[in-house]
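The values are calculated or read from the model by the stated rules, or taken from the named source; none is laboratory data. Every value quoted in this text rests on a predicted model; they were computed, and no experiment measured them. Note: ideal-geometry Cβ built from the backbone for every residue, glycine included; neighbour counts use all protein chains shown.
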Amino acid sequence: MKALLLRIVCYFLFLGGFLLPSLAFSDVYVYKDKDGVLTFTNTPNHPGYRRVIKDSNGQLSGAVDPANNSSSYSSYDDVIRSASDRHNIDPDLIRAVIKVESDFNSVARSNKGAMGLMQLMPDTARLHKVADVFDPIDNIEGGVRHLRLLLNRFQGDLELSLAAYNAGMKAVEKHGGIPPFAETKEYVRRVLAYYRAYRGNAAQTVEPLPQ
């Protein structure tokens, strides 16, 4: 229900941005009460609201794609930068991981059970006390915290840390390096490719990499 309501709201905002360019849009905020009811507004009146769509000079920045609930790489900039500052991880690396993990789809769920923007497995979510894996703030915080844990464990080795994010810490330790899994090797390659692109401010021109 939450995903459906968010999709409907963002769909009309998305259409409005193209069909009615003369309208004055503003940031959109959402608040979830204790019963799980979502309230959307452009004038939040208490700190419980969080911004879900950012307006930039009349343009909706990172509006959700109604076809797949994915957002542009800039949609979660505020959340990403906040987590980046807390855990001392390059925000462009966080963006690259999110891009490969979920393509910025906050309600993504894999057939293995990974969920949300940074595709947290249930055990990982519990480890980092993530209350709602489909909440972008909670999910990014948990994912970045886990990435920091891995970077510390592997003494800052980015490739090993990314391999562990994909295949698990034990798999990397067992093989003494990147595990010989095609999926993990491709995952590391893709994240690093997007990381380089984002750092070069070429994020929007990155060609889709092979699945």
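Before moving on, here are some points about what is shown:
Residue-by-condition table, conditions (1) assigned by TED's automatic domain parsing to the domain that holds A197; (2) at pLDDT below 90; (3) under 22 Å from E186 (Cβ atoms); (4) within 13 Å of the chain's Cα centre (by Cα):
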residue	(1), (2), (3), (4)
G36	no, yes, no, no
F40	no, yes, no, no
T43	no, yes, no, no
R50	no, yes, no, no
P66	no, yes, no, no
R86	yes, no, no, no
A108	yes, no, yes, yes
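- Close Cβ contacts (under 9 Å, 6 or more residues apart or on different chains) running from residues in region 180-198 that are under 14 Å from G168 (Cα atoms) to residues that are outside any helix (DSSP H, G or I) comprise T184/I178; K185/I178; K185/P179; Y187/F181; V188/I178.
- Qualifying positions in region 137-151 - surrounded by 23 or more Cβ atoms within 10 Å (Cβ to Cβ) and touching a Ser or Thr at 6+ places or on another chain (Cβ under 6 Å): H146
- Residue in region 119-139 that is closer than 20 Å to Y198 by Cα and either hydrophobic (A, V, I, L, M, F, W, C) or not assigned by TED's automatic domain parsing to the domain that holds N166 (or both) present: no
Residue by residue, here is whether (1) surrounded by fewer than 17 Cβ atoms within 10 Å (Cβ to Cβ); (2) outside the structural domain of H128 (by TED's automatic domain parsing); (3) among the hydrophobic types (A, V, I, L, M, F, W, C); (4) at pLDDT 95 or above holds:
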residue	(1), (2), (3), (4)
R153	yes, no, no, yes
L160	no, no, yes, yes
A182	yes, no, yes, yes
V191	no, no, yes, yes
L209	yes, yes, yes, no
